[in-house]
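One structure is given below, encoded as structure tokens.
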Amino acid sequence: MNLDSRVYVAGHGGMVGAAIIRQLKKYGYKHIITRTSAELDLTNQAAVSTFFAEQNIDEVYLAAAKVGGIYANSTFPAEFIYQNLMIEANVVHQAYLHGVQKLLFLGSSCIYPKNAIQPMQESALLEGYLEPTNEPYAIAKIAGIKLCESYNRQYGVDYRSVMPTNLYGPGDNYHPENSHVIPALIRRIHEAKEQGLSEVTIWGTGTPKREFLHVDDMAAASFFVMNLDKAKYDSQVEPMQSHINVGTGFDCSVLEVAHLISDIIGFEGEINSDLTKPDGAPRKLMNVDRLRRLGWEAHIDLNTGLKDAYEWFCLYQSEVRGLND
């Protein structure tokens with residue numbers, strides 16, 4: 001850990017990137033480099049090359065990505081695979097060309113087969129068919145892992161990959177059509193309470209089980225993995241299976257999460273299921289033994305994390321109302 005390193009956080013405006021910024025500032029990093037998408041189009045190879053040539057970067061956290069829920073992934077598959085492939089290819093390649101030795105690529109648990117044995121171990125990668133609703137995004141994330149591994153093998157750099165489970169927390173996307181499970185439920189249940197509704201309808205059966213990780217835990221894990229001694233890191237990974245799962249090791253059903261959120265918000269109505277909507281994968285639980293052996297575990301329990309997420313959502317809603325008044 002060198003507090004004088006010039007650290008580029010790609011995707012700093014997103015939920016994960018912003019959490020990584022908070023983590024770096026907590027430790028006292030002096031040179032944190034960021035660019036908005038308007039300032040730097042990461043799908044533009046020439047622009048990314050110029051950026052790296054000018055900035056003399058030492059470390060990269062690659063958290064930039066096009067993300068969304070089931071609806072967005074199903075509606076815009078070409079955008080999801082193209083933009084994510086371009087972002088990671090440009091950043092990884094230009095980092096190498098400009099002498100960056102340390103890079104951390106952030107992937108997703110959707111890289112694993114739909115019917116992978118639970119909890120999903122890192123070794124499950126490429127062992128079966130992916131969940132169709134987000135296959136293009138998953139393919140791009142798998143390519144990102146293999147980019148890092150290939151550059152490590154050929155060029156001797158130290159590019160690592162972490163695969164988070166479902167993330168939530170401050171800075172989440174609460175769009176009514178393309179948000180993930182927790183922000184979608186928070187918004188829907190919050191609005192139901194405000195409108196005095198007697199029921200809320202959720203997508204699918206509510207039975208799929210999911211693991212949820214607070215974004216600040218994800219940022220802490222990312223920082224931990226990035227700064228692990230290389231010998232210790234190498235002792236737990238293989239050159240062609242070097243990614244590390246990041247999660248809590250615990251899961252619960254979507255319906256259980258909906259009830260937890262209802263309790264936090266104070267919504268007393270019924271929660272119904274829309275059986276015409278897809279469930280997605282039946283279960284997604286990460287095996288986090290590799291990360292635990294390296295010395296890190298999640299610290300924020302789901303109830304505490306959901307309260308934090310709801311508090312942030314309320315502040316966000318207040319700011320939006322203030323801008324519209």
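Here are some notes:
- Dividing the summed helix terms, -39500 (n - 2.57) for each DSSP H run of n ≥ 4, by the number of residues in the chain produces a 222 nm estimate of -14500 deg cm²/dmol to the nearest 500.
- The fraction of all Cα pairs in segment 204-285 landing in successive 10 Å bins from 0 to the largest distance is 15, 32, 28, 16, 9, 1, given as whole percents.
- Between the residues Ala19, Pro282, Gly196, the greatest Cα displacement towards the positive end of the dipole of the chain, with unit charges on the Cβ of Lys, Arg, Asp and Glu, is found for Ala19.
- Inter-label distance for Lys277 and Cys252, nm, one decimal - labels placed 7 Å from Cα along Cα-to-Cβ: 1.9 nm
- Whole-Hz couplings from phi, Karplus 6.51/-1.76/1.60, listed for segment 266-272; x for Gly and Pro: x, 8, 10, x, 7, 10, 10
- Backbone amide hydrogens, once placed in the peptide plane, bring Asn166 within less than 5 Å of Glu211, Leu213, excluding anything fewer than 5 places away on its chain.
- Part-to-part distance (alpha-carbon centres) for segment 89-168 and segment 263-319, which is given in Å: 23 Å
- Beta bridge orientation in the chain: antiparallel %, DSSP, nearest 5: 10 percent
- Straight-distance candidates among the lysines for linking to Lys102, with alpha-carbon spacing under 18 Å and chain neighbours fewer than 8 residues away dropped: Lys30, Lys146, Lys230, Lys232.
- Among residues other than Phe80 with Cβ under 12 Å from its Cβ, the summed charge is 0 (Lys and Arg +1, Asp and Glu -1).
- Here the calculated FRET efficiency for Glu199 and Lys26, from their Cβ-Cβ distance with R0 = 30 Å, stands at 0.10, rounded to the nearest 0.05.
- Around the Cα centre of the chain, unit charges on the Cβ atoms of Lys, Arg, Asp and Glu (plus for the first two, minus for the last two) sum to a dipole of about 740 debye.
- Cα gyration tensor shape of segment 35-188, rounded if a/c is under 1.5, else prolate or oblate by comparing a/b with b/c: oblate
- Surrounding net charge for Gln118, when Lys and Arg each add one and Asp and Glu each subtract one, Cβ distance under 9 Å: +2
- Peptides 91-100, 259-268 ranked from most to least packed give 91-100, 259-268, packing being the mean of other C-beta atoms within 10 angstrom over each peptide's residues.
- Spacing of the two label points (7 Å from each Cα toward its C-beta) at Tyr155 and Glu39, in nm: 2.4 nm
- Each principal axis of segment 1-78 carries a Cα extent, and these read 43, 30, 18 Å when sorted largest first.
- Label point 7 Å beyond Cα of Arg292 along Cβ direction - residues of segment 102-131 with amide nitrogen under 18 Å: 117-124
- Of all lysines in the structure, those lying under 27 Å Cα to Cα from Lys277, and not within fewer than 8 positions of it along the same chain, are Lys66, Lys114, Lys141, Lys193, Lys209.
- Summing +1 for each Lys or Arg and -1 for each Asp or Glu among the other residues whose beta-carbon sits under 11 angstrom from that of Gly14 gives 0.
- Derived value for the chain: Kirkwood hydrodynamic radius 20.3 Å. Basis is the mean of 1/r over every pair of different alpha-carbon atoms.
Every number in this text was worked out from the coordinates using simple rules, so none of it is lab data. Every value quoted in this text rests on a predicted model; they were computed, and no experiment measured them. So basically every Cβ, Gly included, is an ideal-geometry build from the backbone, and we count neighbours across all protein chains shown.
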